[in-house]
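J.: Pasting a structure below so you can have a look.
Coordinate-derived values only; no laboratory data. Since the structure is predicted, the reported quantities are computational estimates derived from the model, not experimental observations. FYI the Cβ positions are ideal-geometry reconstructions off the backbone, even for glycines, and counts take in every protein chain you see.
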Amino acid sequence: MIDLNDPVWGTLHAAVSSYQNVLRDLAEGRGDLRENIEVLAEDLSHQLSWYDATAYVLPHLGALCGTLEDGDCVYLLAQLGAAIAAEASCPLEPDSEAHREFHEGLAILAQEARRLIVDPTVQEMLGQDTELAQMFALSALALLGDRRHAYDLFLLSAYCWQDGHAACACGWNNEEFPLLEADCILPAQIAPWDGKHLTDEAVWFSGLLALAGDEEIAPALPRVYGAGVCPQCGKKEPYWAWLDRFMEEY
């Protein structure tokens, strides 16, 4: 964790330059906790962009998380999801200082997320707040699952998880892909979650959303975790591959 007085902070960027002041307020317990969390998270995830300050902020938020009550820790993690997922769009150089800081913070926050997800009291709390449960589930996906999957789902939120993008290596592509209706998607069969095990990403992620009766993201999950059969060449591959290829090539 890099001291907040280190000169490196002068070289880092977020959406708003005052993010350091908000981080100091959080570290020193000044102001409204949740308001400060929300402001900082927005500064680090504006327009789903990657900001280099995120890597250095995460260890500080990991340390903060260990001092919070579970409800506030859930709120902190829920707010951070987009900022963490955005790293998938701009992967850090291995062995760089930023990479080390990012993964130091990520390890602490992932440990907290893993603990909270299987806590029956937390599950009950999520069951009472659909929006919080959605945000927490997406953040947990960024922390414990495939970060690119989380980033893709944040992107699909702009279409309310009903439409997306698709592209096959043969050249076929669709910028306004009807995700929930397309006949060329073979939906995955996602088993119910037991509330304990985190081995199958689709299962526990779907289960977290089900806790609060989510009806927005959940309908898309069998399709995004399913396979697409190209209408042009007949090749079958995961829908994630279609989406990522479109984002990279078009």
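J.: Counting other Cβ atoms within 10 Å, which GluC sites (Glu not before Pro) in the stretch 15-91 have at most 10 and lie in a DSSP loop?
T.: Those satisfying the criteria are 69.
J.: Taking neighbour counts of Cβ atoms within 10 Å as a proxy for exposure, in what order, fewest first, do 103, 13 appear?
T.: Listing 103, 13 from fewest to most nearby Cβ atoms yields 13, 103.
J.: Per residue of the chain, what 222 nm ellipticity follows from adding -39500 (n - 2.57) for every DSSP H run with n ≥ 4, rounded to the nearest 500?
T.: My calculation for the chain gives -16000 deg cm²/dmol from helical runs alone.
J.: If neighbour count is taken as other Cβ atoms inside 10 Å, put 157, 96, 206 in order from fewest to most.
T.: 96, 157, 206
J.: Once you've got the GNM for the chain with C-alpha springs shorter than 10 Å, pick whichever of 219, 94, 238 has the biggest mean-square fluctuation.
T.: Its mean-square fluctuation being the largest, the pick is 94.
J.: Which of [x] 13.6; [y] 17.4; [z] 16.3 is the computed mean projected area of the Cα convex hull in nm² for the structure on display?
T.: Read-out from the structure maps to [x].
J.: Quick check on the exposure proxy: order 235, 196 from fewest to most C-beta atoms within 10 angstrom.
T.: 196, 235
J.: Which FRET efficiency value, to the nearest 0.05, is calculated for residue 89 and residue 131 with the Förster distance at 35 angstrom and r the Cβ-Cβ distance?
T.: It comes out at approximately 0.90.
J.: Check the cysteines of the chain one by one and keep only those with no other cysteine Cβ under 4.7 Å from their own.
T.: 65, 73, 90, 160, 184
J.: Under 15 Å from the Cβ of residue 42, count the other residues' Cβ atoms, weight Lys and Arg +1, Asp and Glu -1, and hand me the total.
T.: Value of the local net charge: -4.
J.: Note down the net charge around residue 2, summing +1 for each Lys or Arg and -1 for each Asp or Glu among other residues with Cβ under 14 Å from its Cβ.
T.: That sum, taken over residues with Cβ under 14 Å, equals -4.
J.: Which one of 232, 128, 111 has the biggest mean-square fluctuation once the chain is modelled by GNM with Cα springs under 10 Å?
T.: Of 232, 128, 111, the most mobile in the Gaussian network model is 232.
J.: Moving on. Can you grab the distance from the C-alpha centre of the stretch 196-250 to the C-alpha centre of the stretch 125-151, Å, no decimals?
T.: Here the answer is 14 Å between Cα centres.
J.: If Lys and Arg each add +1 and Asp and Glu each add -1, what is the summed charge of the other residues whose beta carbon sits under 10 Å from the beta carbon of residue 55?
T.: Net local charge, residue 55 excluded: -4.
J.: Taking loop as defined by DSSP and a crowding limit of 15 other beta carbons within 10 Å, which GluC sites (Glu not before Pro) in the stretch 113-193 fit?
T.: Hits after loop and neighbour filter: 181.
J.: Under 14 Å from a point 7 Å along the Cα-to-Cβ line of residue 4: which residues of the stretch 26-62 have their amide N that close?
T.: Answer for this model: 26-33, 36-37, 40, 57-62.
J.: Might you report the magnitude of the Cβ-based charge dipole of the chain about its Cα centre, with Lys and Arg at +1 and Asp and Glu at -1, to the nearest 20 debye?
T.: 560 debye
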